[in-house]
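The next block holds one structure in the form of structure tokens; read it before the comments.
The values are calculated or read from the model by the stated rules, or taken from the named source; none is laboratory data. The shown structure was predicted, so the numbers you read here are calculated from the model rather than taken from an experiment. In this analysis, Cβ positions are derived from the backbone assuming ideal geometry, glycine residues included, and neighbour counts consider all displayed protein chains. Side chains are part of the model used for accessible areas, which takes the heavy atoms of the whole protein and leaves out ligands, DNA and RNA. Shrake-Rupley method; radii C 1.70, N 1.55, O 1.52, S 1.80 Å.
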Amino acid sequence: MSITALPVVVPLVSAAVLTGARRWSPRLVNDAGATAVSLAVVVLCTLLLVRSLHHPFAYWMGGWRPKHMVSIGIALSVDSIGAGLATFAAVLVTASLIYSWRYFDSIDGLFHALMLLFLAAMAGFSLTGDLFNLIVFFELMGAVAYALTAYQIESRGPIQGAINFAISNSVAAYAMFLGVGLLYARTGALNMAQIGAALDGHRADPLVIVAMVLLFAGFLTKAAAIPLHFWLADAHSVAPTPVCVLFSGVMVELGVYAIARLYWTIFAGPLGPHAVSLRAILIGFGAVTALGGAIMCFTQRHVKRLLAFSTISHVGVFLCGVGLLSGAGLAGTAVYIVGHGLDKAALFMMVGILLHRFGSLDEFDLRGKGRALPLVGVLFGAAGLVLAAFPLTTGFFGKSLLEAAAIDGHYPWLPAVFVISSALTGGAVLRVGGRVFLGWGRGDPGDDSGAREASREPDEETESRDRTPPSMVVVPAVLVAATAALGVIPGLVPGIERAAYGFGDHAAYIGWVLRGSARFPAVPHTHLAAYDYVYAAGAVAGAVAMAAVGLFGPGVRVTLARGALAPLTGAVNGFRDLHSGHIGDYIAWWTVGAAVLGAASLLLLT
């Protein structure tokens, strides 16, 4: 019996069992059972990953295999990137569940069931070879995410954040279903390999372009690319901390994965002649997202929102990597996603410790209180350096591949975008670490009462805490150590490079899905260059400098804000005002973003 479908089936069935037994099962049984299931999914996905390293394969439900390149069955198409992403999602769910053991005062099986449903949706999303099911798993993931965001249903904030999240992503889902309908009308197929084969050799006419735009707009919403991003900060700031681990660590990255999967499996054929124009569109969105998210990150005092905007900035970097439309860009994005996901998960967990102990998420309210948590402070500082792509960490290797791909792709200015993004986001985290754990910098400036009030949100537990359970510190410590060490494991980064080049081989994907035959492309061996260390040193030095300005340079900030940077300050303040919390505003900007993407695509790709 094949185990291919089990990473989806096992957590789905287990979630149903936990939901049915929630009235009678004790907390210990729920914690242990959910963690055991997620560990089992880690093992299952790892087995699929190991098998796909040697030979990617398609598993056809019910044995309905394709005949003469035509499929009527539903397939799970397993390659190293998809299986690796499913494994990564399962690892983060496991870490989040272990962290949750002592995080909540009281919790029943509904939370554990939702987490397992979320895992099933992410695994199915990563492994499916069917376009319609890709959207179905997207919707399942979204529905569960809305419920998890509003899990503290007794508070107003989580409800509002979940509503904004749900409406924004539901509009995106409607767009995607329209895109699926257009492609089905053109090709008569839903299997992504068969759609790609049917479109090969044909020009990119308006119907195909509109279908692509609708699908890309939907997944760019899930990825939170600017200006489709407004839901993310609202959701992150009110969702329970263990849930934020998954939102920032893997969920938004799945949106970027979907863009890459759709292009290389479906649109690479008809859009091949227009690759230069599509590259410019995607990199344009990515660069704006990377810089806009980084600037917004540095201006936050609510620590969860700060980390949320950091995620948006890194999504921009990932989108630039995918937008380069090259194997090297895909490889750099894949490596960087692993490093960022582990690091961001650890940072959210450490912020959860601060909320657990002190009942606040305001950077100024927390000033100096973190001295009671010296180990957490050391880990927080290390995570900030890792976020800035400190040399020889996993993120450094990913960013180095992206920089090389950008230069080879004739985008020599992109590394500067990556350095600025790393410096601002890493600097923001280091600034928070210095103020909270060392007491550096001034106290509350008293100039933003709204932000101060919003940061003093209700604790996610019902009692104040005078100590932190060891499990809540051990889990982020392991994640920080992993993101610092994984990149130097022999063969890991080259293995991801090989997988990325295979992922980007359009003809090979069609071959092993519809014919069962696989061929592997030649993969150039990438070496670190001197400029990689120069860029990394610049990003780390920039992060330290920005943290120092944030902590010790209020006069410098005021002088710059009133002088040379006055136009930029006005633009940043205006951009902050756009995050109004009103869903009507967010949908208006979603429409603007989708229209810009559509107009650029129709003008440049037809």
Check your understanding: So what is log10(I(q)/I(0)) for the chain at q = 0.08 1/Å, when the Debye sum runs over its Cα atoms only?
Key -> -0.51
Exercise for review: Round to the nearest 10 and give me the degree value, 0 to 90, for the angle of helix 109-127's Cα axis relative to the longest principal axis of the chain.
Suggested key: 40 degrees
Point to revise | Net charge of Cβ neighbours under 13 Å - reference GLY581; Lys, Arg +1; Asp, Glu -1 | key: 0
Review point. If you place +1 on the Cβ of every Lys and Arg and -1 on the Cβ of every Asp and Glu, how big does the dipole about the Cα centre of the chain come out, in debye to the nearest 20?
Key: 400 debye
**Study point:** FRET efficiency, TYR184 to HIS54 (Cβ-Cβ, R0 41 Å, nearest 0.05)
**Key:** 0.75
Check your understanding: Got the relative contact order for the range 81-133 handy, in percent, Cα pairs under 8 Å and 6 or more residues apart?
Key -> 64 percent
Point to revise | Volume in Å³ per residue [convex hull over Cα atoms, computed for the range 247-323] | key: 60 Å³
Study note, to complete from the structure: Measuring from the longest principal axis of the C-alpha atoms of the chain, the long axis of helix 131-149 (C-alpha) lies at a number of degrees, nearest 10, equal to 20 degrees
Review point. Probe 1.4 Å, all protein chains in place: accessible area of LEU53 in Å², nearest 10?
Key: 100 Å²
Check your understanding: Once both labels are modelled 7 Å past Cα along the beta-carbon direction, what's the ALA588-VAL534 spacing in nm?
Key -> 4.6 nm
Check your understanding: Given Cα pairs under 8 Å that are at least 6 residues apart, what percent is the relative contact order of the chain?
Key -> 17 percent
Exercise for review: Can you figure out the FRET efficiency of VAL17 with ALA280, using R₀ = 41 Å and their beta-carbon distance, to the nearest 0.05?
Suggested key: 0.25
Check your understanding: Rg (Å, one decimal) plus Dmax (Å, integer) for the alpha carbons of the range 285-355?
Key -> 13.1, 42
Check your understanding: So how tilted is helix 206-223 from the main axis of the chain? Cα-based, degrees 0 to 90, rounded to 10.
Key -> 30 degrees
Exercise for review: Would you work out the relative contact order for the range 78-215, in percent, from Cα pairs under 8 angstrom that are 6 or more residues apart?
Suggested key: 21 percent
Practice item. First select every other residue whose beta carbon is under 9 angstrom from the beta carbon of PHE437; then total the charges, Lys and Arg +1, Asp and Glu -1. Key: +3
Revision key, fill the gap. Extension length gain for ASP577 and LEU28 (0.36 nm per residue less Cα distance), in nm, is 193.2 nm
Check your understanding: Taking 0.36 nm per intervening residue step and subtracting the Cα-Cα distance, what contour gain separates LEU392 from ALA416 on full extension?
Key -> 6.7 nm
Review point. Which net charge results when you count Lys and Arg as +1 and Asp and Glu as -1 among the other residues whose beta-carbon is under 14 Å from that of GLY129?
Key: +1
Check your understanding: Over what distance in Å are the Cα centres of the range 304-374 and the range 255-294 separated?
Key -> 23 Å
